[in-house]
1. Are there any helices in the chain, counted as whole DSSP H runs, that stretch 18 Å or more along their axis by Cα and score at least 0.5 on average by Kyte-Doolittle, and if so which?
2. Gain in length, Thr32 to Arg92, computed as 0.36 nm per residue apart minus the alpha-carbon separation, to one decimal in nm?
3. Work out the FRET efficiency for His168 and Thr72 from their Cβ-Cβ distance, taking R0 = 22 Å, and round it to the nearest 0.05.
4. Here are some values of Kirkwood radius over Cα pairs in Å: (i) 17.7; (ii) 18.7; (iii) 20.1. Which one was computed from this structure?
5. Less than 9 Å Cβ to Cβ from Asn137, Lys/Arg counted +1 and Asp/Glu -1: what total charge do the surrounding residues give?
6. Quick one: which of 151-162, 50-61, 174-185 comes out on top by average Cβ neighbours within 10 Å, and what's the full order, highest first?
7. Which three semi-axes in whole Å describe the equivalent ellipsoid of the stretch 111-176, each the square root of 5 times a Cα gyration tensor eigenvalue, listed largest first?
8. Per-residue HN-Hα couplings for the stretch 101-109, Karplus 6.51 cos²θ - 1.76 cosθ + 1.60 at θ = phi - 60°, whole Hz, x for Gly and Pro?
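Values in this text are rule-based calculations from the coordinates and carry no lab data. Please read these numbers as outputs of a predicted model, since none were measured by experiment. Here the Cβ is made from the backbone with ideal geometry for all residues, glycine too, and neighbour counts use every protein chain on show.
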Amino acid sequence: MISRRRSVGRPSRTSLDALQDAALTLGLDSFTLAAVAKEVGVAEATVYNYVHSRDELYRGACDRLFAGVDLTPDPATDTGSWMDYMDAVSARVVPLAAAHPGFTEYLFYGPFGPETQRIYSTMVAEVMRRRPELDANAAYFVASRTFMSSLTTASFPDLQDAGTWLRHSVMLGMEQQIDVGNLPHIDGDWSDVLDHDGKPAR
């Protein structure tokens, strides 16, 4: 009986986690599938066993990166207001966006993966808990505008203080409007925006 030995060469298998890690290492804004394959030591064709396109790998890597964000309140600064909560969470995302060019675009435009959806849902629930007069749509708008204002300067180290000022200004302005009962009216279900495909987030 003749036994066939597998030829020595690149391994035929890897993991989705390894591919996403490689994309993060190479740069979310610049990686190619060929470079990812080389980074993990497999043939480029093997990558397609795990993802259908670069965009799918990009979104998965961003979703995985975002999953590590701590959503717990900061006991040192939290007074129970929605602003304290969103300020703490937003501040934790800025270093990620600064360290990973291309991440901000994902957070602005999606489409979003399951961990990103979980994080947005958690933020909405926490804002509603702290400001019960807000419905889910209004809470999403308040949370997302605060969150996104933090990201506009994330890629510019010299503007980090300005970014914090902008976030605080946005929150204070919205808080004043909420205090006088001027709440944003948004039709539909806020969670629909989490499923959009490449269109600018509302």
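1. Numbers: long enough: 54-67 (20 Å, -0.66); 82-99 (27 Å, 0.73); 114-130 (24 Å, -0.62); 136-151 (22 Å, 0.64); 160-179 (28 Å, -0.50).
Helices meeting the span and hydropathy rule in the chain are 82-99, 136-151.
2. Extending this stretch completely gives an extra 18.8 nm.
3. Working: r = 21 Å, r/R0 = 0.94.
Efficiency computed from Cβ-Cβ geometry: 0.60.
4. Among (i) 17.7; (ii) 18.7; (iii) 20.1, the one calculated here is (ii).
5. -3
6. In decreasing order of mean packing, 151-162, 50-61, 174-185 become 50-61, 151-162, 174-185.
7. 23, 17, 7
8. These are the phi-based 3J(HN,Hα) values: x, x, 5, 4, 4, 4, 5, 7, 10 Hz.
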